[in-house]
Structures are given as structure tokens and as C-alpha cells.
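Quick notes on the structure that follows.
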Amino acid sequence: MHGLSWRRVVVAHNPVSDADDPSTRDVLDQVAFVVEGLLGLGLPFETVAVGDAAEARPLEPGTVVFNLVESPPGRPRAQIEVAAAWQAAGVPFTGSEADVLWLTTDKVATRELLAGAGLPVAPGAVVGPDCGGELDGVPPPWILKPAWEDASLGLEGDPLCRTLKDAQQRAGALGRRFPGQPVLAEHFLPGREFNLTVLEDGDGPQVLPVAEMRYVDFPPDEPRVLGYEAKWHSDSFAYRHTVRAFPDPADEGPLLAELQRLALGAWRECGVRGYARVDLRLDEEEAPAILEINANPCLSGDAGFVAAAAHGGLGPAEVVGCILAAAQRA
């Protein structure tokens, strides 16, 4: 279907234990999705746990790594080091290369690159524990987050800071919890939130159906933020009331077209390969801004990437085949 020439696939993922948090254990669901796709493609495979760069071993010719290695909490550079080791050894692997993973893992570097290219981002600044004068040009309310984490780590509880005192308290707490990481403060954009799934095929990156995250029946004091609880705590209000929907292009064609343009612009500027997810939100004037771009996004069955693919008529074999074909073209 995709003209694949790989003879064998090694599905590599970070080690997981029963004691790990849900965002870490989720990688096993991603392995299951990829394995289902490989079975559909009829490709031989094995799965291996890769904890650090030393375990990124060379492979026999004709073998490709399907890279599902993620960084565990507190080690945000681990996935970058593993990808760099494969590159140094000449091992082909899926998804983005080490320099792109480094860029997109760093929310500060990503927003600077996008803004420099003329793509809209939310007003923001790196802040210290006392927030000094860094927020002078950034209107409240603010969202504060660690710059190198993903999976909404650091967005537990109410991450919305409405006063300088709130921001100082949260900046101090994040600095203690994630030592050595910058803390990024951004103006909270109050409008609608969208996730755009981008999948590369033989014609280049294609945007799959646009998803909207809707915060249903949220009370006024509940922040409309896709935080840690909304992603991982199935018994929480935020999890149960954060709903994914797919707007009808017939009703919102101009907005969806602009979102797609921005997502593809972020893809090009960041040099992503294979697949990505771009998160955007509308500001007070209903103009979209890019929140972040996720290279090698989550492929678990209930994640946004897979949901958009399914809405577009793509099953595991089609998604996995496109990702493998992109690695073959690299």
C-alpha cells in the first residue's frame, strides 16, 4: 500500500512499571495501536524497552525502529538522547529527528521560532520565582507551565493565575518541582481550543479532520484548560466534561482553513517528519494562536491523533504505514 521495503520493525518504547504515573504507562496503549497496524500490514516486528541512549543498539539492515520512546517525568531530554544515539549509529527510525525533538520539547524555543516566522503565538515570557517585571508586557490572566514537560505535567489543579501573587506562588512551586527548567507564563487565551493532526504521506503533510476540545458545563470557577486531570484522571469532573468534537467544514470553512494553514506553517518551520499534533486556541478577538507543536504525538487509541485519523477514515494500518513510509523517504 505504501511501497514499504522494511523487512522488520522494532517497536521501541520507554520502560514502564506499575508504579509509574498514567502519562508514562500510556505508552503501552501506543504500542498496542502500532502492533495492530503492523499486523494489518503483515510486517514482522518485536517490541523492546529502551531506557536511555546506551540501549539504542544498532540493527540489522532492512530493520526500522518505530520510535515510541517518551521522556519520563523529570527527565525531559531522555527521548532526545535516544534519538540522537540512533542517528549517530545510522539506525532508521520513525518520526522526527533529535534536533526537532529538542526544539519541540522546549516550549520557549518553539514559540520564539514560530513568532520569528510571523506565526501567531500567545503573549508570554519566561519568569523567575518572583515574576519580577517579566509579566509587565503580558496581560493577565496567565497560564504557567514548565517549559520542557509534556502530557500536561505541571498543569495540575488550577493553573490559571489571575493575580501577580498567584503567578509568584505557582512559579515558585514549579521551580521547586522542576529544578533547572524555565517556567513559561503565557496570557490565557479565552476562546475555543483546537487540535490539528498532521500526517505525512507521499504528497507531503496532510491535515486530518480538525478537532475541537469543548469544556461542557464547566462552572465559572473551573478553568477551561486541558490540564493533567482532564487528560489522566478518569474520575475527575474535567475528564468527564472535556469533550472532543469535529466541527463541520461546511459551517466553519474559513476558520478551519486558517487553522490548517497555521498548523502546516508550524510543521514546516519546526522541520517535523512523519506525524505531529498542533494545538491552537482563539484569543479575545477570535483570532487563532499556536500553543505548541507536538512531534511524535501520542498514538494511544483514545488520543487526539488517533481520533482524528479515525474520523478521517484511517485505521491503524493506514496510520502506521504512512509513518513508516515517511521514515523510508528520509
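The values are calculated or read from the model by the stated rules, or taken from the named source; none is laboratory data. Computed from a predicted model, the values in this text were never measured in an experiment. We place every Cβ from the backbone using ideal geometry, glycine too, and count neighbours over all the protein chains shown.
Points worth noting:
- The residue that is nearest to Ala211 (Cα to Cα), among those in region 233-249 that are loosely packed, with under 15 Cβ neighbours inside 10 Å and of a type in the set (Gly, Ala, Ser), is Ala245.
- Neighbours by Cβ (under 8 Å, 6+ apart or cross-chain): first from region 1-22, closer than 15 Å to Glu46 by Cα; second crowded, with 18+ Cβ neighbours inside 10 Å and hydroxyl-bearing (Ser, Thr, Tyr): Asn14/Thr24; Asn14/Ser71
- Residue match in region 128-141 (condition: crowded, with 21+ Cβ neighbours inside 10 Å and over 16 Å from the mean Cα position of the chain (by Cα)): yes
- Meets criteria (at pLDDT 95 or above and in contact with a helix residue (DSSP H, G or I) (Cβ under 9 Å, 6 or more places away or on another chain)) for Gly315: yes
Results for (1) within 25 Å of Ala295 (Cβ to Cβ); (2) in the same structural domain as Gly128 (by TED's automatic domain parsing), shown as yes or no for each residue.
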position	(1), (2)
Phe178	yes, yes
Pro182	yes, yes
Phe194	yes, no
Gly204	yes, no
Glu222	no, no
Tyr228	yes, no
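- Residue in region 301-322 that is in contact with a Phe, Trp or Tyr (Cβ under 7 Å, 6 or more places away or on another chain) and assigned to a loop (DSSP other than H, G, I, E, B) present: yes
- Residue check, Ala54 outside the structural domain of Val272 (by TED's automatic domain parsing), in a helix (DSSP H, G or I), among the small types (Gly, Ala, Ser) and free of Cβ contacts under 8 Å to residues at least 12 places away in the same chain: no
Residue by residue, here is whether (1) hydrophobic (A, V, I, L, M, F, W, C); (2) modelled with pLDDT of 90 or more; (3) under 20 Å from Thr110 (Cβ atoms) holds:
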| position | (1), (2), (3) |
| --- | --- |
| Gly124 | no, yes, yes |
| Val127 | yes, yes, yes |
| Lys145 | no, yes, yes |
| Trp148 | yes, yes, yes |
| Leu155 | yes, no, yes |
| Pro159 | no, no, yes |
| Arg162 | no, yes, no |
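- Candidate set: region 273-300, residues that are small (Gly, Ala, Ser) and either outside any strand (DSSP E or B) or more than 10 Å from the chain's Cα centre (by Cα) (or both); chosen: the one surrounded by the fewest Cβ atoms within 10 Å (Cβ to Cβ): Ala287
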